[in-house]
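S.K.: Attaching a single structure in C-alpha cells format; questions to follow.
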Amino acid sequence: MAKYIVLVESPSKAKTIKKYLGKNYIVEATIGHVKDLPKSTFGVDIEKGFKPKIVTIKGKSDILKKIKELAKQSEKVFIATDPDREGEAIAQDIYETISNGDKEVYRVLFHEMTEKGIKEGMSSPRQIDQKLVASQRARRVMDRIIGYKVSPILWNTLHLIESSGDSALSAGRVQSVALRLICEREEEINNFVPIEYWSLVGTFENESGAKFQAKLSSIDGKSYKVPETQFKSEDEKSEWSKRYFYIPNQSEAEIIAQECLNENYIISRIEKKIVNRNPFAPFTTSTLQQEASKKLYLRPRQTMQLAQKLYEGIELSGGNIVGLITYIRTDSVRVSDDAIQAARNYILKTYGEEYLPENPRIYSSKKQNVQDAHEAIRPTNLMYTPDYVKPYLSKDLFKLYELIWNRFIASQMKSAQIEQVTVDITGGRFKFKATGSKLLFKGFLTVYDENGDEKSIDEDINENENKIPSGLIENQLLSLIELQKNQHFTKPPSRYSESTLVKELDNLGIGRPSTYASIISTLYDREYVIQQDRKLVPTNLGIKVNDLLVNNFDHIFNVNFTAQMENELDEIAEGVNSYEQVLSDFYIPFKNTLDEVEKKIEKLKCELCGSDMEIRVGRFGRFLACTNYPKCKNIKSLREFNQKDENGNNLLVEKCPKCGSNLIIRNSRFGKFVGCTNYPSCDYTKSFSIGVKCPRCNEGEIVEKLTRRRKNFYGCSNYPSCDYSTWYRPTGEICPQCEKDLLLIVKSGKKEKIKCNSCNYIVENEE
C-alpha cells in the first residue's frame, strides 16, 4: 500500500499529478464537491447563527467511503483541491470525513500542473484556511436564502406564465442582477427616440492635385456634436447651443453647404504626433472569457471547460502529461518574476532586441476587490509553443491555448508606435478637420492585436482609403471641389452579448468571474433570455420576472447591494468580518422586505374550498394544488392559465427587422420557428435557436425540430449543408473526454444524465 494519498477534484488532474509523484503516492479524484446543502429542504438554521446543514451529495457516498478507507491505510493525507474558496470548502468536507484524531492531514496548493508546480505545492503544506471556508459557506447560504425564499414568490405570483420547457422559475443573488441589466438595456432600446442629423464631408485639393476628405467640425468656434438624447426643454437646448452645434435636417444642411462652397480655404493647423499603443495585461478569468467570445466565438462555459483541461494536463509526446497554463480562476494580472524573464528571453530570441522593452512590464489591477493569490493566466512553460503542442490538442483547445500564449508574450513586448496627423482647414466661419494615422512600428501587434475596446468608426470617411497627402504645410491654399451631405440617425445602445455582459458584471464587481458562465447558462435554462444574432434578448417571462423582483426587492437585486455583498464576502476571507455578522446584516432587512411582499401577494384561490393554490412540482412537471390538501385534493394544470397571444403563441420582445411588428414563436410540422405577427403581409421567419453552436460545421446553431411523426429532435440550422442531429437537448458544453461533440441532457423518469453524443462519456447530473 502506498504511504501517502493525494486528493484532487478531477480524474485528469489526478493523472497529471500521479505522473510526477511516483509509486509512494495514490492520487484519487473526488469529481467536484462531495457535500452541499440538501436539495429537498432549506438546510440553514437561521436561529442558530445561520448554521448550514451540510450533507453528502447523492452519488458521492461511494467516493467518500473509498477515500476514507484509503486514508486509514496511509501515513499522510494531502488534500490538493483547487486553490480557491470552493476548493478550500471541498478540502474541509473531506477533512471532516476522514479525520479521526491521529491522522496527519495537509492542505497543498498547485497553481500549475507542472513538475515544478507540483513539487513546490507538496513542499509547502499548510492547514485548511477556515476564513476561506467561512467565506464560501456564507456565499452558499446567502444564495440558498435568496433562492429558497424568493423563488416561491415568483412561482405563486407569476402562476399565469408558463415557460416552454421544464425549468421552474427562480431568483438568484447574481443571476437576477444580470437579468436586470439585460432587461434595463432592452427597455432603453425600446424607449429610444432617434435623432436625425446631417454631416458635411468636403473633398479638398491642393496645388499639386492631391485630394483628400475632411469633415465640417465647427462653425463660429462652436464644435460639431450630436446630442445623445432629445432636449427636455428649450432652456436645455439654449445652454447646449452656446458651445455646440449640429445639423438637424436637410434644409439646414443645404443652406450651410451652399455657404461652405462660397468660401476660400487654407490649412490653419497641422499637428503630427507619435502615439504609443501599449499591450494589454495577461488574461484574468473575466478577460479570457471576453476575448474568447469575441475572437473565437466560444461561450463562457465552453471557455472555462477548455481552459480547465489546459490547466489540468495534456498528454504530449512520450506520454508526458503537462498542465499547459496556470490556474484559471483569477482576477489578478500579476505575473511571477521567473515567467517575466522567460518571456523576455523568448522575445529577444524570436523577435529581436527592437521588440524587447528596456524594463519588464509590471501590471496592476484597477479594481479594488482583486483576489491576488494566483497569477494571471499564462503558459506554464515557454518551451511548449503553440506549434509544438498543436498535434496534441483539439481544434478549440489549440485556439484557446494560442490566444493565451499570444496575449502573454505580447504583454512583455514593446509598444506599437503610430503617427497621428490632424489637419484643420479654415474658410470664413467654417472649419473642416481631417485625421489620419500610420503605423510606424508594430511592436506587440506582431503577436497579438486586441482590436481595441469598442472603437468609434467614422461613418462618413474610410480612414484606410482617405490618405492625407504628404507635403502639406500651414497656410497652404486648398480648393473645396466637392461637398457631400449625409443623413444619419442616432442609434440605440446595443444589446449585451455574452462577452459584454461578462465585462459589465466584472466592472461592476458583481459575482466572481469563475461563476459568470453558470450565471449566463441559468438565464438560458430558466428561459429568461434567448440568444439572437449573438445578443442576449429577454423573453416575456424574463421581463415579468425582472419586473416583479425590481418592484418588490429593488434594494436586494441591484448593482450596488450585490457588489457590497461581494465585498463583505471578501472581508470574511480576509478575516476582517465574520460569517454570522455578514449574514445578519443581509438577512434582517431582507426578511422585513420578504414579509411585506408576502402580504401584498394576491394568491389564486381554490374554487372548491377557498384556500390558497400554490405551485408544486410532480413527476410530470409543475402544477397548481390546493394548500388544504389532503382535505381538498383540487389540482390544475398550469396550461389552463397561459397568457400568450390570441392564437396561443409565445410573444418575443424583439421586433421584426423587416416591418417592425412583434415577433412570435410559432410551431410548424418541422418544429418551432420565429415568425412575424404581420403574416401574411410580412413573411419574415428565422430558425428558433437554443443558443448552442453546431460542433460539426462551427457555423450554424442548434435548432429544435420535429420528425414527420411529431417527435422532437435537435439539428443544425445549416441543414442540408450540415446534417448534425441528436434526439436529446444539447447543453452547449463540449465533451471533456473526446473533445469532439456536445454533451446532451438525457432524461429517464426523475433521473437525468449528461452524456456525449459521440463517445461513451456519461455522468449523473447531480444538480
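The values are calculated or read from the model by the stated rules, or taken from the named source; none is laboratory data. Bear in mind that the values here come from a model prediction, so they are computed numbers and not experimental data. Don't worry about glycine lacking a Cβ; one is built from the backbone with ideal geometry, like all the others, and counts go over all protein chains shown. Areas reflect the complete protein model, heavy atoms only, side chains present, ligands, DNA and RNA absent. Shrake-Rupley method; radii C 1.70, N 1.55, O 1.52, S 1.80 Å.
S.K.: Under the Kirkwood approximation for Rh and a Cα-based Rg, what ratio Rg/Rh is obtained for the range 2-100?
M.R.: Ratio of gyration radius to Kirkwood radius for the range 2-100: 1.02.
S.K.: Cα atoms only: what Rg and Dmax, in Å, come out for the range 379-535?
M.R.: 23.1, 68
S.K.: Please give the length that would be gained between LYS116 and LYS65 if that part of the chain were fully extended, namely 0.36 nm times their separation in residues minus their C-alpha to C-alpha distance (nm, one decimal).
M.R.: Going from the current span to full extension adds 15.2 nm.
S.K.: Note down the nm distance, to one decimal, between modelled labels 7 Å out along Cα→Cβ at GLU196 and at GLU482.
M.R.: Going from the GLU196 label point to the GLU482 one covers 2.5 nm.
S.K.: Further question on the same structure: Between LYS23 and LYS349, take the C-beta separation as r, use R0 = 41 Å, and let me know the FRET efficiency to the nearest 0.05.
M.R.: The pair LYS23/LYS349 has a calculated efficiency of 0.60.
S.K.: Which aspartates and glutamates does LYS605 reach when only Cα atoms under 19 Å apart count, and residues fewer than 8 places away in its own chain are ignored?
M.R.: Qualifying aspartates and glutamates at Cα under 19 Å: GLU162, GLU614, GLU640.
S.K.: For LYS390 and ASN760, what does the FRET efficiency come to when R0 = 25 Å and r is the distance between their Cβ atoms, rounded to the nearest 0.05?
M.R.: Using R0 = 25 Å, I get an efficiency of 0.40.
S.K.: To continue, here is another question. Using a probe of 1.4 angstrom, how much of the accessible area of the range 390-507 is carbon and sulfur, in percent?
M.R.: The nonpolar share, carbon plus sulfur, comes to 44 percent.
S.K.: If you check each cysteine of the chain for another cysteine whose beta-carbon is under 4.7 Å away, which ones come up empty?
M.R.: That list is CYS183, CYS260.
S.K.: Near LYS15, which aspartates and glutamates are there with a Cα under 19 Å away, not counting those fewer than 8 places off in the same chain?
M.R.: Candidates past the 8-residue exclusion: GLU28, ASP82, GLU112, GLU115, GLU120, GLU312, GLU315, GLU739.
S.K.: List, in order, the whole-Hz ³J(HN,Hα) value for each residue of the range 256-271 obtained from phi through the Karplus relation with A = 6.51, B = -1.76, C = 1.60 and θ = phi - 60°; use x for Gly and Pro.
M.R.: In residue order, the calculated couplings are 5, 4, 4, 5, 4, 5, 8, 9, 9, 10, 9, 7, 8, 7, 10, 10 Hz.
S.K.: Checking the table LYS349/LYS395; LYS242/LYS491; LYS149/LYS591; LYS399/LYS755; LYS60/LYS309; LYS399/LYS740 against a 18 Å threshold on Cα-Cα, which pairs fail?
M.R.: Over 18 Å Cα-Cα: LYS349/LYS395; LYS242/LYS491; LYS399/LYS755; LYS60/LYS309.
S.K.: Taking the Cβ of ALA376 as the centre, find all other residues whose Cβ is under 10 Å away and add up their charges (Lys, Arg: +1; Asp, Glu: -1).
M.R.: Local charge sum for ALA376: +1.
S.K.: Please compute the length gained on full extension between LYS740 and GLU205, using 0.36 nm multiplied by the number of residues separating them and subtracting their Cα-Cα distance.
M.R.: Once the chain is fully extended between LYS740 and GLU205, it gains 186.8 nm.
S.K.: Just the accessible area per residue of the chain, please: how many Å² with a 1.4 Å probe?
M.R.: 50
S.K.: Output the Kirkwood hydrodynamic radius of the range 264-375, Cα pairs only, in Å rounded to one decimal.
M.R.: 17.5
S.K.: Cut-off under 17 Å on the C-alpha distance; same-chain residues fewer than 8 positions from LYS72 excluded. Which lysines are left, in chain and number order?
M.R.: Answer for LYS72, where 17 Å is the Cα cut-off: LYS3, LYS103, listed by chain and number.
S.K.: Let me ask another. Could you work out how far apart the two model spin labels at GLU239 and GLU419 are, taking each label as a point 7 Å from the Cα in the direction of the beta carbon, and quote it in nm?
M.R.: 4.5
S.K.: Using just the helices of the chain, give the 222 nm mean residue ellipticity in deg cm²/dmol: DSSP H runs with n ≥ 4 each add -39,500 (n - 2.57), and the total is spread over all residues, rounded to 500.
M.R.: Mean residue ellipticity at 222 nm (helix-derived): -10000 deg cm²/dmol.
S.K.: Further question on the same structure: On a full-extension model of 0.36 nm per residue, what is the gain between SER725 and ASP547, subtracting their alpha-carbon distance, rounded to one decimal in nm?
M.R.: 60.3 nm
S.K.: Still on this structure: Based on the alpha-carbon set only, what is the convex hull volume of the chain divided per residue, in Å³?
M.R.: Taking only Cα atoms, the chain has a hull volume of 225 Å³ per residue.
S.K.: Across the range 126-276, how large is the tail of the calculated P(r) beyond 22 Å, expressed as a percent of all Cα pairs?
M.R.: Across the range 126-276, Cα pairs with separations above 22 Å total 70 percent.
S.K.: Suppose the Debye formula is applied to equal point scatterers at every Cα of the range 203-326; what is log10 I(q)/I(0) at q = 0.13 Å⁻¹?
M.R.: -0.82
S.K.: What part of the accessible area of the range 84-141, given as a whole %, is carbon or sulfur when the probe is 1.4 angstrom?
M.R.: 48
S.K.: Moving on. Which of the peptides 59-69, 293-303 is most tightly packed, and how do the rest follow, going by the mean number of other Cβ atoms within 10 Å of each residue?
M.R.: 293-303, 59-69
S.K.: Related question: For the pairs LYS686/LYS753; LYS711/LYS753; LYS294/LYS747, flag any whose C-alpha to C-alpha distance is greater than 22 Å.
M.R.: Going by Cα-Cα distance, LYS686/LYS753; LYS294/LYS747 fall outside the 22 Å limit.
S.K.: Hey, with R₀ at 22 Å, roughly what FRET efficiency would GLN73 and GLU315 work out to, going by the Cβ-Cβ distance, to 0.05?
M.R.: Efficiency at R0 = 22 Å is approximately 0.15.
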